[in-house]
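Worksheet: one structure, shown below.
No value in this document is a laboratory result; all are computed from the given coordinates. Computed from a predicted model, the values in this text were never measured in an experiment. Don't worry about glycine lacking a Cβ; one is built from the backbone with ideal geometry, like all the others, and counts go over all protein chains shown.
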Amino acid sequence: MRLPAYNDALLRIWHTTDPPGLRLAGQVDLTNQAALMGHLLTVNGAPADISIDLREVTFLNFASLHALVSFAELLDPGRRLTVHTRTPVIANMLLACGWARPELPLTLLEEVCDE
């Protein structure tokens, strides 16, 4: 297994190539959300849509969700940010904040946990 590109006491971030993007595990909060944004900016150069795998994330603060939406708004026209999650919490938070705008290039894929 590859070593994470970022690793602190709460969060690990791996860069992915197929699809291009990031896979996160742990908790995203104020102490590491700048690292998340930095890694998002490094994958923005990919010519395709960007995928963020949050299936192993146990906590994501509101500011980090806002950072994901802001990142989606920065993508070139025709590109999308796809967010993968196992729970409806992230999708519900985005909807409650009014971020389900059709013009926003953000796709949420909720995957049901088999447990």
Which residue, ASP29, ASP18, ASP49, has the most motion in a Gaussian network model of the chain that connects Cα atoms within less than 10 Å?
-> ASP18
HN-Hα couplings for the range 67-76 via Karplus (6.51, -1.76, 1.60; θ = phi - 60°), in whole Hz with x for Gly/Pro, come out as 5, 4, 5, 4, 4, 4, 5, 7, 5, 4
Charge-dipole axis of the chain as Lys and Arg at +1 and Asp and Glu at -1 on Cβ define it, positive-most pick from LEU106, HIS15, PHE59 | HIS15
Among GLY38, GLY21, GLY78, the residue with the largest mean-square fluctuation in a Gaussian network model of the chain built from Cα contacts under 10 Å is GLY78
Shape call for the chain, from the Cα gyration tensor axes a ≥ b ≥ c (a/c under 1.5 means rounded, otherwise prolate when a/b beats b/c, else oblate), comes out rounded
Out of residues 5 or more away from ARG80 or on other chains, whose amide H comes under 5 Å of its own, with H placed 1.01 Å from N in the peptide plane?
-> ASP49, ILE50
About the Cα centre of the chain, how large is the charge dipole given +1 on each Lys and Arg Cβ and -1 on each Asp and Glu Cβ? Please answer in debye to the nearest 20.
-> 180 debye
Percent relative contact order of the chain, based on C-alpha pairs within less than 8 angstrom and at least six residues apart?
-> 21 percent
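Using only alpha carbon pairs under 8 Å that are at least six residues apart, calculate the relative contact order of the range 18-72 and give it in whole percent. Kindly include the intermediate steps, with their values, before the conclusion.
Working: 62 pairs, mean separation 29.1, N = 55.
This gives 53 percent for the range 18-72.
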In a Gaussian network model over the chain where Cα atoms closer than 10 Å are linked, find which of PRO77, PRO88, PRO19 has the largest mean-square fluctuation.
-> PRO77
Taking the simple approach of a point 7 Å from Cα along Cα-to-Cβ for both ALA46 and ALA9, what is their distance in nm?
-> 3.1 nm
